[in-house]
Each structure stands twice: as structure tokens, then as C-alpha cells.
Amino acid sequence: MKFDRRQALAVLAAAAALPMTARFAHAEQILEQVRFFVPANPGGGWDQTARTMEQVMRTAGLVGSAQVTNVGGAGGTVGLPQFINQWGGQGDGLMVSGLVMIGAIIANKSPVNLSMVTPIARLIGETEVIVVPKESPFQTLQDLVAALKADTAAVTWAGGSAGGTDHITAGLVAKAVGADVTKLAYVAYSGGGEAQAAILGNQVSCGISGWGEFSEQVAAGAIRALGISAEERIAGIDVPTFKEQGVDVTFTNWRGVFAPPDITDEDKAKLAALVDAMVKSPEWQAEVKKREWLDVYQPADAFAATIDEEMTRITGILQTLGLA
Amino acid sequence: MASQLRPGTVAVSLAVLCTGIGVIVTTMAAPTSPMYAKVGPTAFPYAIGACLCGLGVLLFLDAWRGRWQAEATERPDERLDMKAVGLVVAGFLAAMALVGQAGFILAATALFTLATLAFGERRVWLSAPLGFLIALSAYTVFAKLLGLRMGDGLIERLL
Amino acid sequence: MDAFADLANGFAQALTPITLLWCMVGVTLGTAVGVLPGLGPALTIALLLPITFKVEAANALILFAGIYFGAMFGGSTTSILINTPGESATIVTALEGHKMARRGRGGPALATAAIGSFVAGTFGVLGITFLAPVIVDFALKFGPPEYFALMVVAFVAVSAVLGDSRVRGLTSLFLGLLFGLVGIDLQTGQARFTFGQPELLDGIDVIVITVGLFAVGETFYLAGRHWMGRDEIVPVAGSLWMSKEDWSRSWKGWIRGTLIGFPIGAMPAGGAEVPTLLSYYMERRLSKKPEEFGHGAIEGVAGPEAANNAAAAGVLVPMLTLGLPTSATAAIMLSALQSYNINPGPMLLKTHGDLVWTLIASLYVANVMLLVLNLPLIGLWVKVLKVPKPYLFAGILVFAMVGTYGVSRSVFDLGLLLGVGVLGLLMRLYDFPTAPVIIGLILGPLAEQEFRRAMITSQGDLTVFATRPLAAGLLVAALLLLVLPPLIRRWFTSRRTGEAALEG
């Protein structure tokens, strides 16, 4: 044990000297430090958002230092109570969350919800996309819709966990075309990699997920995109919308940031200013473009209203799916 | 045969049986989802509960016939040192109570010290400072250098 | 051969002094986190991600590759020496490895684990280089019915770890299966056995159960019996190094473990636990000295350790060829690529081939480095056993706390650790084997989800398991494994008694 510890110490000391990023301030520092709370495990969408924000805020000189804490599980409903109970009043805390958490709060009948934290801003969005294996007989969304109408249970869908955004979108599509939603043959996978493998291996009829999950596979021609859930076509994505193809469903999975409960108005204003400055920075704009996110920035008040609307909408969908 | 009957093994077998029954009862009480699934979320729990019941019965038969050769039955005269086990449990409880307010370092020091006591190390003046040093270095390495967030506390604030 | 030229280029990149230094830091750090219970490579790499702002892509990847393989090497050390596996993939190693260490054969156990890891890593890197496309095609053929059939094979293999009493072994297994049910059901979003605790919604962490049953349970057990003077571990008896017999019993295990581990690791839902279990089962069945199993058989360390490391290399196949992150570590390594404006995907090898080959070459370099570092260290590691018991086990508890509370910051997890530790004590007292609990906890959810996925995709038609050749083949194999060994054993014993009768 002794040896192991000494060895570990030496190496950690060497390694830790490295991540200290150079700070070249070209903007005014708004906060000394900011601490991100990510209610998901490292590697996922919220985590990437937090780490991108951390990077942008530091390189743009908006904050002195930043840290990320992950408390993953159950669509964020494991982390949320912790953020509410342990982070209350801490003016340097920012939780990254999104639409997925609203669905999870409803489906898990969570005792806490997003009205107990302080909305700061909606940041980015991502469109959902329906894809099929390259061997699939479905060429357009209509082909898929026709099959869905003929025998709902024969069309199998691969996507994320039950009650998540992928499942909700699939349910909305089935409902819009008049198929029996309770017969939807939705196969839930826990990680993006597994769902992609099922589609690549032609194990399911179609797949549904965020565009970022599939974009590289689509670009490589390994799978075919049939339609996206966005309101209108998106520059750089050569895929028609559901609406264009006669399926009246629009859906955007958004992510935003929240401050802990009970923070002072002054702290709230500072955090809002920090996020606003970050969104307007060229670094952030470049990241958004690079990662093919949609910029759906909404400041605090508009964001709070959006959350209320989404709560009602998602509750309705989950009830028809039998999940709420 | 009854002379070989050990109350411990009987209790364990009954506990397994009760767990099995508990699993089945809990599953029956669970709401069923109307969602499309040929095999629903209750099928496996029922199967596992039923198997645990069956295993509980088999364990009971083993215990009843005295066929259960185990540490606890082989040497019944050599009792487990409950005081030592209690000290380790106390170490955990102390750590759980302390970790929120006093912080990781003091909580881990308490756990370390009580665990060394359990192993018969009575020199607390030696083990407590050593535990503190180990906890401190673990905290420094993981929280300070690697950025693992291990919470706040009395000592942590001074660092 | 294009691959050769590309690989040579990769080696040229990976063998500069700077990259070697990065690799060194990576493997040492990786070994350290592998040794500590609860902390794994995924978390370590995530914590080091900010490094990508500062360091060029190749160096960061080399560092991460070093951590990844180093953690695999380090994981076996504590399993063997103090029966406290740091992660689920090294549980099987603890079965025989710790028995060896108790008999003073910790040195050879660590050596066969290190060399086995090296052999598997070497073949793994060769496999990535030359077989990746073939392996990926094979892995993608695995749909839900095939995965379920594979799990059935694994369940048959569990019989090798059930211990003396089938009933008690199976009880342990079903306890693990029960733990595996806790949490939100993936297919329906319904919470099961959570009793209103939000901490249980995401299921019980394998790490908490592993650390609780092994590290904490072992501490309880030894504390409760310390004054009896039993369970004294012999630090070293005989040579630290492997004998000729050790070599001849190990090398086949290394090869077989690699052959099992690599393809299963490459499967998107394969993981490292199933191949280690299958390898242990196979070694036990094929060993010339099966009676030594359960008392420290070296094959039982050689095979599973090789399988574990080959699976770790296999995981990189779908990541590098298809851009599929099939493990937490792979997902984080992919997100590191993104911060370099590299979009991981099926085009990765074409667009950033140089980087991929550098990574593959540095994996190999890391492998060699680990062997060179670890073999001389065996003597030092074995000295860990000379640390006075109170301090050794109290120290283990502190690190168990870092690995659970430090990662989740949840007092609930600490309480769970205590509860599972007490369960581990009871299981030791009443002679229940602990390894089947972990195996049940890992295999159960996989088997259940794959079975239900298969039922959804086939619309409830059970014949999918018979009509799909791969699934049917695996199920037949499982059946044969179940039926044949007893028959063969009967045949052998009858023949042996016959011979004895002749000699007599």
C-alpha cells in the first residue's frame, strides 16, 4: 500500500501540472469561478455541453476557473435532488440540463422538479432524426409511415431509454399518422453506441435519436436518414423535415442551464450576464457550428415560460405512451 | 439428526425464502404498463422470486438435515468477535454522520481509526494521526490534483 | 500490406521521447487507479479531459491509451494480493489468484497475470491492425437473440464458480440477479424495487456491490476473527518467479483467454466480464489438474486476465472502425477527439488515419512498458502483504470510501456499502460464494434486456432463437456444455477404475 501511494502521488503531481490551461484574457472576467453540475455521467450530451461551456468561458476569459461535477442517473432525477438540497444559495453553481430531464421527472414521479431551481438560459437544441439501415426497403418517410399504419408492431424502432426524447418523438410520429401508439415496437438501448450497432447490423427497422448521434454514419453512407423533427430544414443537414413529408410533428431536444435555488438576485444577474457573454462570444459560436447544434438561446424569463409549456406537452405525450 | 441443527443456518434459509416471497409480493403490487412489450417488466422478477423461494426451501432442508458445512457451523465454539465487527460498523456510521458537515478527511480518519481498533490496534495516538495523513493525502491527490469533487468540510476549507 | 506501412508510421510517431514520456505518465496513472477500488479508467480520463486544450491530439491519445491499459493491469494486483477487486472484470482473477497469494504464491500469480495481459494486449493490437473489419462484421451480426444466447452460455459457465454447494452457489447467483433488477426498467421506464429511493432509480452500482462484498466483507470477516491467528497469509513461499510448470500451465490459458476476450470485447454489448467468466470455465474444464481449482490454480489466473485485456483491446475495434463508443472509456476518448475538431465516425480511419495508427502503436508501446514496469515491481507488490493488518485493511476501507463516496458524493452509497459489507460477512460465515452475486448482477440485466428486445423485434415469436443460425448455434453449445462434461467425467472415472482394476 505504501509503495502504491507514493508512486501514485508522484505521477499525479506530474500529471496535474498539465491541465492548468493558459488564461489569455481578452474579455472582462465576470466571475472568479463557476462550478458546473452535470446530472449525467461523463461522455453524454449534457456533459459535453458543460465541458464545452467550461472551455469557452475559460478561453474567452469570462471566468477565472471552472469545474465540472457529474452525478449521473435516471435522466437526471438522481442528480437533481442533490443540486436542490446541497447547492442551494451557491451563486457560482450552474446545472446543465434539458428536455430529457422534464420527461424523466414526469415518468419517474420525481418528488423534485425544475420549478425548484432557477432557470438561467436555454442554450442549444438538437433535432431528432429517423434513420434506417442501408439495406432497408424504406426509401422515404412515407414508406415507413405506410408500414407503420399497416402493422404497427412489425416496425421496430431502436432508440434511447423508454420515456426519453427518442421514445417521445417516435410516439408523436405514430400518433400523428394514426397508428396505435400502444403497439409501438420501441426497443430501448442504454447507450448511443449500442443503438447504432443495432441499426448498422440491420437488427431493427429504423432508428431514432438526436442528429449528432447519427450524422457521421449518415455522411459515410452506412445508414440512411429519412426525416428530421425540426420546424424547417437546417443548413448543412440534407434531410427533409417530417412536416414536408406530411407528418405533422415538430420536436427539438433542447439543453439549458439552471442556477441552484435560493440564490440572490445579484448572483442570478451575474450568472445570466456570464451566460449571455458566453453565447455571444465567437468561441461559442464556433463550437455550436462545429458540433452541429442549433442555437436556441433564450434568456431567463423566456426560458422559464418555455419550461412550463414543455411540462404540459410532455406530460400529455407520456400519458398516451402509458408512461405517466 | 436434530442434534446437528444450527439455528443460524435455519435463519439464513428462512431469510432467503422470505426474500423470494417478498420479491413476488412486491412485483404483484407494481403497476403494469400498457406499453407494447411481449415480455413485460414483471416476468423476470417473478421468475427470480420463485427461484429464490425454491432455493430457500432447499437450503432449509440442508440446514434441517445438518448437511450445511460452513464456517459458522463447523466451529460453533469459536464465536465471531462481535466487538470487532461492531467497531467496523461504528466506523462506517461515524463516517456517514461526519462526511456531510465535517468533510471527507475527518470522516475517513474516523473510519480508519475505528477499523484499526477493530483489528486490535490500541495505540490510537498512532493510528488516528496516520489515518488523518492517509485521508489527507487521498483528498489532496483526488480532489485537488485530479479535480474529483469530494465535498467540503472543516479541514478541506483550510487547504 | 498497407496496414504494415501505416503501423510502422504509427510506431515512428509513438516512439519519440516526448510520446514515450506521456505513455509513461499514462500507464503509471492507470496502474494507480486500477489498483484503487472504485476508481476506473473512464473517470480518470474524464478528469483529465481539460488536458486536451493544451496538448496535441496524438499525445493526449497516448496518455489516455496508457491509462486505459494501465488500469487493466493494475486491477488484477489487489484482486490477487488482498482479494479486493477494484472493478468487476477482475473478480474472476481473485478466485484463484488470491488463493495462490495465500499460499505464498502471490509472485507467480502476479507474473502470470502481467504476462497474460501482455500477450493478450499484443494479440489485441495485432487484431485491431489486421482483423478489425472482419471482427466488426461478425460483431454486428449479433442482434438481441444472439446476445441472449451468449448470456445463456455465460450462465452455464457460472457453474464453474458456484463452489462446493450448488444450492448455496445458486442462491448467491439469484441474489445478484435480484440486485440487477433494482432501478428503472430500460424498456418501459418503470421503477422496480426502488422503494421510493431516488438513489436506487439508476440501479445498484456494480462497483458498490463489488467493493462492498469483497473489500468491506473481507475486512469484517478478518476483523471478526483476527484473534484466532487463522487466515494468516504467507507473504512469500518459494520463488517470486514462475516455475517451468507455471509456464507450461499458463501459456495455453493466455492464448485461449485472448481468443475468447477479443471478439466478445468487440461486440457492442459484450463487455469484459462475460469473456473472463467463459475463460475461467474453459480453463477449469480443460485443466489437467482440475482438483487445484478453488485452491489456487494458475490457469485460473492466466486465462481470465488474458481475456480481460483482450476484451479491453476489442472494445477499441468498433470505436476505431465505426466510431461507436461501446464502453464508458471509449465514449470519453471519443469526446476527447471532438475537442480536436475530429468527428469520430466510420470515416475516422480514412480522414485521420495517421492519428488512429499512432493510437494503435502507442497501445502496443503502453503494453510493453507495462510489462517492463510491472515484472520488477512484483517483489514490491508482494510486500504489501507485510503491512500490518490493522493498517492494511483500514487503508483499504478509506480507499473504498474514495471510490464510492468520492465518486457519487452520496451518503446513501456509503450506507449501501456498509449493508453489502455485512452481507459479505454473512456469506463468508455461511459459506456462500460471493463471485456469483457480481456475475448475476452483471449478466442478469443483460440477459433480461436482450431477451425482451428479442421478443419485441420478433413480435413475441420464440422461434427466433432457433431460426437464426448464430443464436441457435450458441444455444446448442450451451446445452452441450451442460450435458457433455458430466458424461465425459463418468466415462473417464469408469475407465480409470477399470485401469486400476487391471493394475491391481
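For a quick check: with amide H placed at 1.01 Å from N, whose amide H comes under 5 Å from residue A:256's, ignoring anything fewer than 5 positions away on the same chain?
The answer is A:97, A:98, A:123.
Can you give the local net charge around residue A:125? Use residues other than it whose beta-carbon is closer than 10 angstrom to its beta-carbon, Lys and Arg +1, Asp and Glu -1.
Details: positive: A:122, A:255; negative: A:126, A:295.
Local net charge: 0.
Counting DSSP beta bridges in the stretch A:123-265, what percent are antiparallel, to the nearest 5?
Details: 13 of 20 bridges.
Within the stretch A:123-265, antiparallel bridges account for around 65 percent of the total.
Given the options C:213, C:268, C:145, identify the residue whose Cα lies farthest towards the positive end of the charge dipole of the stretch C:2-467 (+1 on Cβ of Lys, Arg; -1 on Cβ of Asp, Glu).
So the residue we want is C:213.
Starting from the Kirkwood Rh over alpha-carbon pairs, what translational D in µm² s⁻¹ does the stretch C:343-401 have by Stokes-Einstein at 25 °C and 0.890 mPa s? Mind showing how you got there, number by number?
Working: Rh = 15.2 Å.
D = 161 µm²/s.
Return the Rg/Rh value of the stretch C:286-409, two decimal places, where both radii are evaluated on C-alpha atoms and Rh is the Kirkwood radius. Walk me through the numbers on the way to the answer.
Working: Rg = 20.1 Å, Rh = 18.5 Å.
Result: Rg/Rh = 1.09.
Answer with one residue from C:473, C:349, A:45: the one whose Cα lies farthest towards the positive end of the charge dipole of the protein assembly as shown, charges on Cβ with Lys, Arg +1 and Asp, Glu -1.
The residue sitting farthest along the positive end of the dipole is C:473.
Please identify the DSSP H helices in chain A that span no less than 27 Å along the helix axis (Cα) and have a mean Kyte-Doolittle hydropathy of -1.0 or more.
Details: long enough: A:300-320 (30 Å, 0.19).
In chain A, the long hydrophobic H runs are A:300-320.
Stretch residue A:285-residue A:315 to full length: gain in nm at 0.36 nm per residue minus the Cα-Cα span?
Numbers: separation 30, 0.36 × 30 = 10.80 nm, distance 3.29 nm.
Result: 7.5 nm gained on full extension.
Please give the net charge around residue C:114, taking every other residue with its beta carbon less than 15 angstrom from that of residue C:114, where Lys and Arg add +1 and Asp and Glu add -1.
-1
Tabulate in residue order the Karplus-calculated ³J(HN,Hα) for the stretch C:129-146, using 6.51 cos²θ - 1.76 cosθ + 1.60 with θ = phi - 60°, rounded to whole Hz; enter x for Gly and Pro.
5, 10, 10, 3, x, 5, 4, 5, 4, 5, 5, 6, 5, 7, x, x, x, 5
What translational diffusion coefficient, in µm²/s and rounded to a whole number, does the Stokes-Einstein relation yield for the stretch C:411-468 at 20 °C and a viscosity of 1.002 mPa s, taking the hydrodynamic radius as the Kirkwood radius over Cα pairs? Walk me through the numbers before you get to the answer.
On the way: Rh = 14.3 Å.
Here the translational diffusion coefficient equals 150 µm²/s.
Relative to the first principal axis of the alpha-carbon coordinates of chain B, what is the inclination of helix B:104-118, with its axis defined by its Cα atoms, in degrees from 0 to 90 and to the nearest 10?
The answer is roughly 70 degrees.
If the convex hull of the alpha-carbon atoms of the protein assembly as shown is projected onto planes in all directions, what is the mean projected area in square nanometres?
Working: hull surface 160.4 nm².
One quarter of the hull surface, i.e. the mean projection, equals 40.1 nm².
Taking square-rooted eigenvalues a ≥ b ≥ c of the alpha carbon gyration tensor, is the stretch A:69-169 rounded, prolate or oblate, where a/c under 1.5 means rounded and, failing that, a/b exceeding b/c means prolate?
Details: a/c = 3.44, a/b = 2.60, b/c = 1.32.
It is prolate, given that a/c is not under 1.5 and a/b is the larger ratio.
Which number comes out as Rg/Rh for the stretch C:32-104 once both Rg and the Kirkwood Rh are worked out on C-alpha atoms?
Values: Rg = 14.7 Å, Rh = 13.0 Å.
Looking at the stretch C:32-104, the ratio lands at 1.13.
For chain B, how big is Rg over Rh, using alpha carbon atoms and the Kirkwood form of Rh? Each step should come with its number before you reach the end.
Values: Rg = 23.7 Å, Rh = 20.1 Å.
When Rh is taken as the Kirkwood radius, the ratio is 1.18.
Using a simple charge model, +1 on the beta-carbon of Lys and Arg, -1 on the beta-carbon of Asp and Glu, nothing else, what dipole does the protein assembly as shown show about its Cα centre, in debye to the nearest 20? Could you put the intermediate results ahead of the total?
On the way: 68 positive and 74 negative charges, 592 e Å.
Charge dipole, the protein assembly as shown, about its Cα centre: 2840 debye, nearest 20.
Rounded to whole Å, give me the distance from the Cα center of the stretch C:298-344 to that of the stretch A:90-105.
With the stretch C:298-344 and the stretch A:90-105 each reduced to a Cα centre, they are spaced 30 Å.
How about residue C:252: which lysines have a C-alpha closer than 28 Å to its C-alpha, ignoring those fewer than 8 places off in the same chain?
Candidates past the 8-residue exclusion: C:99, C:244, C:288, C:289.
Given the convex hull over the Cα atoms of the stretch C:2-467, what projected area results after averaging over all orientations, in nm²?
Working: hull surface 89.4 nm².
That works out to 22.3 nm², a quarter of the Cα hull's surface.
Would you please give the FRET efficiency between residue B:97 and residue C:372, computed as 1/(1 + (r/R0)^6) with r the Cβ-Cβ distance and R0 = 60 Å, to the nearest 0.05? Each step should come with its number before you reach the end.
On the way: r = 46 Å, r/R0 = 0.77.
That pair, residue B:97 with residue C:372, gives E of 0.80.
Using a/c under 1.5 as the rounded threshold, could you call the stretch B:82-158 rounded, prolate or oblate? The axes a ≥ b ≥ c are square roots of the C-alpha gyration tensor eigenvalues, and prolate needs a/b larger than b/c, oblate otherwise. Write out the running numbers ahead of the final one.
Values: a/c = 2.49, a/b = 1.76, b/c = 1.41.
The shape class here is prolate.
Under 5 Å between amide H atoms, partner at least 5 residues away or on a different chain: which partners does residue C:191 have, H built in plane at 1.01 Å?
C:185
Under unit Cβ charges (Lys, Arg +1; Asp, Glu -1), what dipole magnitude, rounded to 20 debye, does the stretch C:358-504 have relative to its Cα centre?
With Lys and Arg at +1 and Asp and Glu at -1, about 300 debye.
Considering the options A:247, C:22, B:48, tell which one lies farthest towards the positive end of the dipole of the protein assembly as shown, charges being +1 on Lys and Arg and -1 on Asp and Glu at the Cβ, about the Cα centre.
Farthest towards the positive pole: B:48.
Dipole magnitude of chain A about its Cα centre, charges +1 at Lys/Arg Cβ and -1 at Asp/Glu Cβ only, in debye to the nearest 20? All intermediate terms of the calculation are to be shown ahead of the outcome.
On the way: 24 positive and 34 negative charges, 162 e Å.
The dipole of chain A has a size of about 780 debye.
What whole number of Å gives the distance from the Cα centroid of the stretch B:87-159 to the Cα centroid of the stretch C:129-191?
For the stretch C:129-191 versus the stretch B:87-159, the Cα centre distance is 38 Å.
What shape does the stretch A:126-252 take by its C-alpha gyration tensor, where a ≥ b ≥ c are the square roots of the eigenvalues and a/c under 1.5 counts as rounded, a/b above b/c as prolate, and the rest as oblate?
Numbers: a/c = 1.29, a/b = 1.07, b/c = 1.21.
Taking the square roots of the gyration eigenvalues as a ≥ b ≥ c, the stretch A:126-252 is rounded.
Amide H to amide H, which residues 5 or more places from residue A:187 or on other chains are under 5 Å from it, using H placed in the peptide plane?
The list, which skips near neighbours in sequence, is A:157, A:158, A:159.
Explain nothing, just compute: Karplus ³J(HN,Hα) = 6.51 cos²θ - 1.76 cosθ + 1.60, θ = phi - 60°, for every residue of the stretch C:41-51 in order, whole Hz, x for Gly and Pro.
Whole-Hz 3J(HN,Hα) from phi for the stretch C:41-51: x, 4, 5, 4, 5, 4, 5, 8, 3, x, 4.
Tell me, Kirkwood radius of chain A from alpha-carbon pair distances, in Å? Intermediate results must be reported in sequence, preceding the final value.
Details: mean 1/r = 0.0477 Å⁻¹.
When all Cα pairs of chain A are included, the Kirkwood radius is 21.0 Å.
Report the longest stretch of chain C that contains none of the trypsin sites (Lys or Arg not before Pro) sitting in a DSSP loop with at most 11 other Cβ atoms within 10 Å. Walk me through the numbers on the way to the answer.
On the way: sites that count: C:230, C:288.
Between exposed loop sites, the widest span is C:1-229.
With θ set to phi - 60° and the Karplus curve 6.51 cos²θ - 1.76 cosθ + 1.60, what are the ³J(HN,Hα) couplings of the stretch C:426-432 in order, to the nearest whole Hz, using x for Gly and Pro?
Listing the rounded values in order: 4, 5, 5, 5, 9, 6, 9 Hz.
Can you check what the net charge comes to around residue A:40, using other residues whose Cβ is under 11 Å from the Cβ of residue A:40 (Lys, Arg +1; Asp, Glu -1)?
On the way: positive: A:255; negative: A:47, C:202.
Around residue A:40, the surrounding residues sum to -1.
Using only Cα atoms, locate the centre of the stretch A:161-218 and the centre of the stretch C:235-285, then give the distance between them in Å, rounded to an integer.
Centre-to-centre distance over Cα atoms comes out at 38 Å.
Since every read-out is calculated from the coordinates, none of them should be taken as a lab result. Treat the numbers as computed from the prediction; the structure is a model and nothing was measured. We place every Cβ from the backbone using ideal geometry, glycine too, and count neighbours over all the protein chains shown.
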